[in-house]
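To start, the structure itself, in structure tokens.
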Ligand code: ARG
């Protein structure tokens, strides 16, 4: 007999975020297939869309701490890539700072380090200034007690070893092969303890099979759905999925599972290849609760 409860079993994390207010958001260079410096975002509209996203998260009961944007770092609005933040059992935060693949974004890390350290967090890096392994935190997720990390376009496979050692957790690597889904968060979105949005087309065959194995109840989206709607680049607050767009089929599945869907238009940020999840970085993933100690 199936005793699985029908409703969501909400994630314990996802109720506290950092985000970067887009006061200097531009497309100055092209480091992913979505970016074209000839097609600039509207700065006023971007700011309005960002504030609407923050208000939505707050209305759902989440806290959002705002990091100021550096004038020389147009992509810093994608706060998810500042670093991987975990809460230790003693309540103190640790940030594994990103070591960006592209030099255009590397200066963001220095600001992130100062901001987090000033608020009592400890920090570490897997590499820095172009030397050592690359890690971009948009590739990393807590799911099923393990750290699930994409590698390929941005994060180096070697970074996964550093993460496992530094944090004392089990790390599952997934090889990303799709140039348009260059961070795992464009293809994967944990929804609750058993469910996640998954786009297998982002990964090589072996990793796609592994991901479908890791998620007891996957909501599979096509390459086209993921790339044109950014629907996997969503965040979940309790039972509510905050999405940039939601194809009808996806909405029907989410609602049948007992989730609410809230759509927030962040179209201006799609011009730089990022959406709802990229604009936010959860700081309440707890070691020992959401990430089990490695055996
Ligand atoms: N323009 C940014 C980059 O290419 C977009 C980052 C999107 N962030 C994310 N977490 N997927 O780095």
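Eigenvalues of the alpha-carbon gyration tensor of the range 124-193, scaled by 5 and square-rooted, set the equivalent ellipsoid semi-axes at 19, 16, 9 angstrom, largest first.
Contour minus end-to-end for residue 44 and residue 110, with contour as 0.36 nm per residue of separation and end-to-end as the Cα-Cα distance? Walk me through the numbers before you get to the answer.
Details: separation 66, 0.36 × 66 = 23.76 nm, distance 2.70 nm.
Contour length minus the Cα-Cα distance gives 21.1 nm.
Of the Cα atoms belonging to the range 1-84, the radius of gyration and Dmax stand at 17.0, 58 Å.
Give the percent of DSSP beta bridges with both residues in the chain that are antiparallel, rounded to the nearest 5. Write down the numbers at each step before the final one.
Working: 23 of 48 bridges.
Beta bridges within the chain, antiparallel portion: roughly 50 percent.
Gyration tensor over the Cα atoms of the range 71-128: the corresponding equivalent ellipsoid has semi-axes (square roots of 5 times the eigenvalues, largest first) of 21, 11, 9 Å.
If you plug the beta carbon distance of residue 217 and residue 128 into 1/(1 + (r/R0)^6) with R0 = 51 Å, you get a FRET efficiency near 0.85. In plain terms, the chain from residue 161 to residue 119 could stretch by 12.4 nm, reckoned as 0.36 nm per residue minus the Cα-Cα distance. For a paramagnetic label modelled on residue 210 (point 7 Å from Cα along Cα→Cβ), amide N atoms under 19 Å away belong, within the range 109-142, to 133-142. Stretched out straight at 0.36 nm per residue, the stretch from residue 90 to residue 261 would grow longer than its current Cα-Cα span by 58.2 nm. Distance from the alpha carbon centroid of the range 160-209 to that of the range 73-115 works out to 19 angstrom.
Do you know the relative contact order of the range 210-257, to the nearest whole percent, from alpha carbon pairs under 8 angstrom that are 6+ apart?
28
Taken over the chain, the ratio of Cα radius of gyration to 2.2 N^0.38 Å equals 0.92.
Roughly what % of DSSP beta bridges within the range 196-295 run antiparallel, to the nearest 5?
Values: 3 of 11 bridges.
So the antiparallel bridges in the range 196-295 amount to around 25 percent.
At 222 nm, what value in deg cm²/dmol follows for the chain if DSSP H runs of at least 4 each add -39500 (n - 2.57) and the sum is divided by all its residues, to the nearest 500? Provide the component values of the computation, followed by the final result.
Working: 7 runs with 71 residues, N = 295.
Value at 222 nm, helices only, nearest 500: -7000 deg cm²/dmol.
Annotation for residue 23 and residue 71: the two label points, set 7 Å from Cα along the Cα-Cβ direction, are 1.1 nm apart.
Quick note: the coordinates plus some simple rules give every number you see, no bench work behind them. From a predicted model like this one, the values you see are computed outputs, not experimental measurements. All Cβ positions, even for glycine, are placed from backbone atoms using ideal geometry, and neighbour counts span all protein chains on display.
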